[in-house]
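K.L.:
Would you mind keeping the following structure in view while I ask a few things?
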């Protein structure tokens, strides 16, 4: 399909996040029936979207997944699951012919909320191309609709709100409402926290929707073990909020581990053999706490060093993990 770029161009970037505590409690039905809480921090690894006006037709490309398709009409079904967000975006944000291209700094299935960050970047780029201005909260809500409603991918809301807002936040969920409580940390503590955290990509991505569907089914069925773990995760989130505000490294580390222990009670596949081996190695190397990022079952784990993070980084590499940089992204969605 030959085409000619007409311009203009709109670009947006949204940061991914580390979930310090409470993830899973933002997912229905728990977030609807009981209310959830998540402590999250945006980091300076980004999902990016570019929208370019074109003469006719639509080009959808996910560079991070090596996928591309050209279609004549926005409502043409797209079978490639790697382009599900792109095609859903054309339904959420009806637009004249456009090229929509995405990129990501993190591997797919990392557990860092990259699909939620992509949601936010896509919505922001398409909105800017059409001349619509939205607040970060409006973008977060529409980005969640893109994934959960239009693309019909199960999950919660923390990733979209973390990406849109940036910084440290305690997010509360009483569906459909989301409460945003910004955490203002001591600057010295915040800088030291970034230095002490070792973020490890295990090399094995995961499909979070599969795990989410199993946990949702168990919750709906009234599984006491699963619902008890979810209440524990929510409690840990509020305690983590206190620990971060107090600048208490030991308590933060202990709560990371408590969160991971509760998270593993949600599903027997929550921790893979490689994750368990890495967890043991990092604690032997001096970690005072750690957990899987996001929904677990693969992807990333992150650990807090007692003081010197060098032995942890060395242990991670010796076990085949890729160490990713940690720098806080205090601004959320942004033009780029």
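Every number here is computed from the coordinates shown, using simple stated rules; none is lab data. All values derive from a computational prediction rather than experimental measurement. Every residue, glycine as well, gets a Cβ built from its backbone with ideal geometry; the counts of neighbours run over all protein chains shown.
K.L.:
Shape of the stretch 22-121 from its Cα gyration tensor (a ≥ b ≥ c, root eigenvalues): rounded if a/c is under 1.5, otherwise prolate when a/b > b/c, or oblate? Before the final figure, lay out the partial values.
P.N.:
Numbers: a/c = 2.52, a/b = 1.77, b/c = 1.42.
Judged from the Cα gyration tensor, the stretch 22-121 comes out prolate (a/c at least 1.5, a/b above b/c).
K.L.:
How high is the relative contact order of the chain? Use alpha-carbon pairs under 8 Å, at least six apart in sequence, and give a whole percent. List each step's numbers first, then the result.
P.N.:
Working: 782 pairs, mean separation 83.1, N = 336.
Relative contact order comes out at 25 percent.
K.L.:
Now for a separate question. What is the distance in Å between the Cα centroid of the stretch 69-121 and that of the stretch 36-51?
P.N.:
16 Å
K.L.:
For residue 56 and residue 96, calculate 0.36 nm times their separation in residues minus their Cα-Cα distance, and state this gained length in nm to one decimal.
P.N.:
Working: separation 40, 0.36 × 40 = 14.40 nm, distance 0.81 nm.
Contour length minus the Cα-Cα distance gives 13.6 nm.
K.L.:
If you fit an axis through the alpha-carbon atoms of helix 208-220 and take the longest principal axis of the Cα set of the chain, what angle between them do you get, 0 to 90°, nearest 10?
P.N.:
70 degrees
K.L.:
Quick check: the distance between the Cα centres of the stretch 172-248 and the stretch 274-331, to the nearest angstrom?
P.N.:
16 Å
K.L.:
Okay, moving on. Between 0 and 90 degrees, rounded to the nearest ten: what's the tilt of helix 249-264 against the longest Cα principal axis of the chain?
P.N.:
Helix 249-264 sits at roughly 70 degrees to that axis.
K.L.:
Also, quick follow-up: Give me 161, 201 sorted ascending by neighbouring Cβ count inside 10 Å, so fewest comes first. Please report the intermediate quantities before stating the final value.
P.N.:
On the way: 161 31, 201 23.
Least to most surrounded, the residues fall as 201, 161.
K.L.:
At a 10 Å Cβ-Cβ cut-off, how would you order 282, 270, fewest neighbours first? Present the calculation step by step, with values, prior to reporting the outcome.
P.N.:
Working: 282 26, 270 21.
With the fewest neighbours first, 282, 270 line up as 270, 282.
K.L.:
If a/c stays under 1.5 just call it rounded; otherwise compare a/b with b/c (prolate if a/b is bigger, oblate if not). Do that for the chain, with a ≥ b ≥ c from the square roots of the Cα gyration tensor eigenvalues. Don't skip to the end; give the middle numbers.
P.N.:
Values: a/c = 1.76, a/b = 1.60, b/c = 1.10.
Here the chain falls in the prolate category.
K.L.:
Go ahead and set up a Gaussian network model of the chain, Cα springs under 10 Å, then flag whichever of 23, 273, 316 fluctuates most.
P.N.:
273
K.L.:
Now, a different point. Just to be sure I understand: with springs between alpha-carbon atoms less than 10 Å apart, which residue in 36, 222, 286 has the highest mean-square fluctuation in the Gaussian network model of the chain?
P.N.:
Largest GNM mean-square fluctuation: 222.
K.L.:
Pairs of Cα atoms under 8 Å, at least six residues apart: use those to get the relative contact order of the stretch 1-123, whole percent. List each step's numbers first, then the result.
P.N.:
Working: 248 pairs, mean separation 38.8, N = 123.
The normalised contact order for the stretch 1-123 reaches 32 percent.
K.L.:
Rank 155, 131, 109 by mean-square fluctuation in a GNM of the chain with C-alpha springs under 10 angstrom and give only the top-ranked residue.
P.N.:
131
K.L.:
Related question: Let a ≥ b ≥ c be the square roots of the eigenvalues of the Cα gyration tensor of the stretch 187-324; is it rounded (a/c under 1.5), or, if not, prolate (a/b larger than b/c) or oblate? Present the calculation step by step, with values, prior to reporting the outcome.
P.N.:
Numbers: a/c = 2.37, a/b = 1.32, b/c = 1.80.
Because a/c hits 1.5 or more and a/b fails to exceed b/c, the stretch 187-324 counts as oblate.
K.L.:
I would also like to ask the following. Would you mind ranking 115, 190, 110 by Cβ crowding within 10 Å, fewest neighbours first? Could you put the intermediate results ahead of the total?
P.N.:
Working: 115 27, 190 19, 110 24.
Least crowded to most crowded, the residues run 190, 110, 115.
K.L.:
Now a separate question. Under 8 Å for C-alpha pairs, at least 6 residues apart: give me the relative contact order for the stretch 210-305, rounded to a whole percent. Don't skip to the answer; put the middle values down first.
P.N.:
Numbers: 103 pairs, mean separation 26.1, N = 96.
Averaging sequence separation for qualifying contacts and normalising by length gives 27 percent for the stretch 210-305.
K.L.:
For the chain, what does the helix formula give at 222 nm: sum of -39500 (n - 2.57) over DSSP H segments with n ≥ 4, over the residue count, nearest 500 deg cm²/dmol? It would help to have the intermediate numbers written out before the result.
P.N.:
Values: 11 runs with 129 residues, N = 336.
After summing the helix terms and dividing by residue count, I get -12000 deg cm²/dmol.
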